[in-house]
Amino acid sequence: MTCFSLRQWLSVLEQNGCLRHVQKEVDLHYELAAIGKKVAGRYALQFNKIRNASIPVVTGIAGTRDLLAMAMGVRREQIVEHFAWAQANPMECVLVEARTAPVKEKISNDVDLQVLPIPVHHEKDGGPYITAGVLIAKDPCTGVRNISIHRLQVLGPNRLGILILPRHLSYFFRVAEAEGKPLEIAIAIGLDPLLLLASQALTPLGYDEFTIAGALYGRPLELVKCETVDLEVPAQAEIVLEGRLLPGVREIEGPFGEYPKYYGPASPKPVIELTAMTSRRDPIFQTIVPATKEHLLLGAIPREASLLQIVKNTVPNVLSVHLTPGGACRYHAIISIDKQNEGEAKNAIFAAFSSSQEIKHVVVVDKDVDIFNPEDVEWAIATRCQAGRDVFIVERALGNKLDPSSDNGLSDKMGIDATVPLDAEPGRFERIRIPGEEAIRLEDYLD
Ligand code: MN
């Protein structure tokens with residue numbers, strides 16, 4: 001089931017009973033986020049009546065692995081490998097005329113963000129935040145496109161504060177700013193799950209993440225030229241904001257409730273000045289409630305794809321990997337292995353640490369353990385691990401600054417080998433089972 005726009009995806013969700021409508025009037029201040037959080041992982045939501053706004057809001061459209069599997073047209077267990085395949089087989093985008101691009105139905109050069117229903121999500125957030133805006137920019141040196149999602153705080157009718165972590169966009173901005181020039185950007189809002197996922201790929205500099213969307217779609221992503229900046233944006237988006245990152249300007253942005261379920265602090269950040277807004281005639285606004293499954297999963301799938309490849313390069317007997325929700329889908333990795341040599345589990349742990357600075361605790365389990373089931377993983381740790389022998393700690397490596405227990409990013413790493421020793425006597429670690437249990441259909445027995 002592939003779809004090429006948010007609208008198509010909403011109708012797919014509707015047909016499958018996965019979309020619920022909220023007709024009651026909802027306040028953008030906390031209330032919308034609270035409802036979104038409560039139903040997270042169960043339904044996508046469309047809020048049709050927003051106080052003081054005329055544009056509806058959707059959230060949770062990519063909130064479970066099952067939904068992402070449906071969007072990709074693969075089974076749930078295949079998501080990660082499918083994403084890795086798409087990243088290895090990118091498809092070039094195609095440029096379409098503005099007259100065939102829905103996002104050009106309305107064009108305004110006088111941007112007023114107040115017309116958009118931008119929610120305040122968490123108690124101590126510094127203000128309303130755009131959380132599902134895919135930002136497009138070009139490398140000032142090479143002209144190659146880059147796509148990324150950033151938290152964007154409304155600072156004025158046409159001004160946004162932005163957090164830019166040290167990756168590709170921060171490099172572009174540094175280059176432009178050193179020459180005293182603004183960096184042109186565009187922000188696309190109201191996108192389907194495959195495009196959102198593609199934006200989160202961990203790719204090298206110079207790789208256009210939009211081409212992953214084409215691979216996932218099985219057809220080129222349609223782009224259209226912007227009005228006021230030299231960029232191209234998805235023609236099927238609901239809303240596009242055009243503007244520029246201002247050189248030499250910083251304003252206070254934050255705090256903001258982030259994915260680890262803590263607040264990222266307020267500090268001076270770069271500022272975007274908006275120069276145009278284009279949209280569909282009757283646009284739908286999209287928000288991702290921070291720290292919900294939707295937020296975590298969109299980051300987790302591309303990370304799992306990279307993690308799996310890197311760990312498999314080192315230990316070919318690795319079968320699958322999982323970044324658990326309890327670990328904010330960043331800090332805790334579970335690795336499933338078909339161990340053939342003693343010591344492979346520890347090597348897999350080293351590879352996982354080296355794959356990403358965010359990974360903090362790694363557990364390796366045998367293939368009979370369900371890595372998506374926290375109870376099963378805990379059972380393996382409880383019954384197949386002796387801490388003195390199977391746990392090791394590396395102190396003060398580089399971790400994630402948003403982890404409040406880190407020392408400004410300096411973080412200890414812990415590996416847990418919860419695999420059965422290869423020389424264990426037969427039967428000692430045999431998991432109990434009841435023959436025929438899998439085939440039992442309870443409805444045949446219960447009245
Ligand atoms: Mn990039």
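Restrict the check to region 418-441 and report whether at least one residue is under 25 Å from S320 (Cβ atoms), in contact with a strand residue (DSSP E or B) (Cβ under 8 Å, 6 or more places away or on another chain) and not polar (S, T, N, Q).
yes
Could you tell me whether region 205-213 includes any residue that is more than 16 Å from the ligand (Cβ to nearest atom) and part of a loop (DSSP other than H, G, I, E, B)? First the steps, then the outcome.
Residues of region 205-213 more than 16 Å from the ligand (Cβ to nearest atom): none.
No, the conditions are met nowhere in region 205-213.
Restricting attention to region 25-48, and to residues there that are part of a helix (DSSP H, G or I) and of a type in the set (G, A, S), which single residue is nearest to I61 (Cα to Cα)? Even if it seems obvious, please write down each step before you answer.
Restricting attention to region 25-48, the residues satisfying the condition of being part of a helix (DSSP H, G or I) are 31-39.
If we keep only those that are of a type in the set (G, A, S) too, we end up with 33-34, 36.
Values: A33: 14, A34: 16, G36: 11 Å.
Here the answer is G36.
Would you pick out the residues in region 31-42 that are within 22 Å of the chain's Cα centre (by Cα) and not small (G, A, S)?
Taking region 31-42 first, the residues within 22 Å of the chain's Cα centre (by Cα) are 32-42.
Passing the criteria: L32, I35, K37, K38, V39, R42.
Considering only region 276-285, I want to know if a residue exists there that is assigned to a strand (DSSP E or B), among the aliphatic types (A, V, I, L, M) and either surrounded by fewer than 24 Cβ atoms within 10 Å (Cβ to Cβ) or touching a residue at least 12 places away in the same chain (Cβ under 8 Å) (or both).
Checked region 276-285: at least one residue is assigned to a strand (DSSP E or B), among the aliphatic types (A, V, I, L, M) and either surrounded by fewer than 24 Cβ atoms within 10 Å (Cβ to Cβ) or touching a residue at least 12 places away in the same chain (Cβ under 8 Å) (or both).
Picking from P182, P193, which residue would you name as being open to solvent by 30 Å² or more (accessible area, probe 1.4 Å), closer than 29 Å to P102 by Cα and touching a residue at least 60 places away in the same chain (Cβ under 8 Å)?
None of the others qualify; the one that does is P182.
So N16 fits all but one of (1) within 20 Å of the chain's Cα centre (by Cα); (2) within 25 Å of R219 (Cβ to Cβ); (3) touching a residue at least 12 places away in the same chain (Cβ under 8 Å); what number is the exception?
N16 satisfies every listed condition except (1).
List every residue pair whose Cβ atoms lie under 8 Å apart, where the two residues are 6 or more positions apart in sequence or sit on different chains, the first residue falls within region 22-37 and is touching a residue at least 60 places away in the same chain (Cβ under 8 Å) and surrounded by 14 or more Cβ atoms within 10 Å (Cβ to Cβ), and the second residue, located anywhere, is assigned to a loop (DSSP other than H, G, I, E, B) and among the hydrophobic types (A, V, I, L, M, F, W, C).
Filtered contacts from region 22-37: L28/I118; A33/V289; G36/V289; K37/V289.
Could you list, in sequence order, the residues of region 303-335 that are open to solvent by 30 Å² or more (accessible area, probe 1.4 Å) and either part of a strand (DSSP E or B) or in contact (Cβ under 8 Å) with a residue 60 or more places away in the chain (or both)? Steps first, please.
Applying the first criterion (open to solvent by 30 Å² or more (accessible area, probe 1.4 Å)) to region 303-335 yields 303, 309-310, 312-314, 316-317, 319-320, 325-326, 332.
The answer is R303, Q309, L319, S320, H332.
Within region 339-447, considering only helices (runs of 4 or more DSSP H) that don't extend past its boundaries, which have at least 3 residues that are under 30 Å from R167 (Cβ atoms) and of a type outside the set (V, I, T)? Break it down stepwise before answering.
Details: elements: 344-355, 374-384, 387-390.
Filter on region 339-447 gives 344-355.
Output the residues belonging to region 83-119 that are touching a residue at least 40 places away in the same chain (Cβ under 8 Å), open to solvent by 30 Å² or more (accessible area, probe 1.4 Å), closer than 30 Å to L308 by Cβ and assigned to a helix (DSSP H, G or I).
W85, Q87
Tell me the residue from I162, I130, I187, I147 that is within 14 Å of the ligand (Cβ to nearest atom), open to solvent by less than 20 Å² (accessible area, probe 1.4 Å) and under 23 Å from the mean Cα position of the chain (by Cα), please.
Working: I162 fails: within 14 Å of the ligand (Cβ to nearest atom); I130 fails: within 14 Å of the ligand (Cβ to nearest atom); I187 fails: within 14 Å of the ligand (Cβ to nearest atom).
That would be I147, the only listed residue that is within 14 Å of the ligand (Cβ to nearest atom), open to solvent by less than 20 Å² (accessible area, probe 1.4 Å) and under 23 Å from the mean Cα position of the chain (by Cα).
Does at least one position in region 411-418 carry a residue that is more than 30 Å from A291 (Cβ to Cβ), open to solvent by 100 Å² or more (accessible area, probe 1.4 Å) and of a type outside the set (S, T, N, Q)? Can you show your working first?
Of all residues in region 411-418, those more than 30 Å from A291 (Cβ to Cβ) come to 417.
From the residues that got through so far, the ones that are open to solvent by 100 Å² or more (accessible area, probe 1.4 Å) too are none.
Looking for residues that are more than 30 Å from A291 (Cβ to Cβ), open to solvent by 100 Å² or more (accessible area, probe 1.4 Å) and of a type outside the set (S, T, N, Q), one finds none in region 411-418, hence no.
I'm checking my understanding of the structure. Among residues of region 375-410 that are farther than 22 Å from R431 by Cα and in contact with a helix residue (DSSP H, G or I) (Cβ under 9 Å, 6 or more places away or on another chain), which one is most open to solvent (accessible area, probe 1.4 Å)?
Ranking the candidates gives V394 first.
Counting only residues that are outside any loop (DSSP other than H, G, I, E, B) and within 11 Å of the ligand (Cβ to nearest atom), which one in region 193-204 is nearest to L135 (Cα to Cα)?
Among those residues, the one meeting the criterion is S199.
I'd like to verify a number: residues in region 165-177 that are farther than 16 Å from P247 by Cβ and either basic (K, R) or more than 13 Å from the ligand (Cβ to nearest atom) (or both), how many?
Number satisfying all stated conditions: 1.
Here is a yes/no grid of residues against (1) farther than 22 Å from I79 by Cβ; (2) modelled with pLDDT under 95:
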{"position": "C3", "(1), (2)": "no, yes"}
{"position": "L6", "(1), (2)": "no, no"}
{"position": "V12", "(1), (2)": "no, no"}
{"position": "E25", "(1), (2)": "yes, no"}
{"position": "E31", "(1), (2)": "yes, no"}
{"position": "N48", "(1), (2)": "yes, no"}
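For the condition under 20 Å from V12 (Cβ atoms) and part of a loop (DSSP other than H, G, I, E, B), what is the one hit in I55, I79, I61? Please lay out each step first, then the result.
Working: I55 fails: under 20 Å from V12 (Cβ atoms); I79 fails: part of a loop (DSSP other than H, G, I, E, B).
On inspection, the qualifying residue turns out to be I61.
In the set F372, F353, which member is modelled with pLDDT of 95 or more, open to solvent by less than 50 Å² (accessible area, probe 1.4 Å) and aromatic (F, W, Y)?
Step by step, each of F372, F353 is checked, and only F353 is modelled with pLDDT of 95 or more, open to solvent by less than 50 Å² (accessible area, probe 1.4 Å) and aromatic (F, W, Y).
Does region 294-306 contain any residue that is among the basic types (K, R) and touching a Cys at 6+ places or on another chain (Cβ under 8 Å)?
yes
The values are calculated or read from the model by the stated rules, or taken from the named source; none is laboratory data. Quick caveat: nothing in here was measured; it's all calculated off a predicted structure. FYI the Cβ positions are ideal-geometry reconstructions off the backbone, even for glycines, and counts take in every protein chain you see. Calculation scope for accessible area: heavy atoms of the full protein, side chains included, ligands and nucleic acids excluded. Shrake-Rupley method; radii C 1.70, N 1.55, O 1.52, S 1.80 Å.
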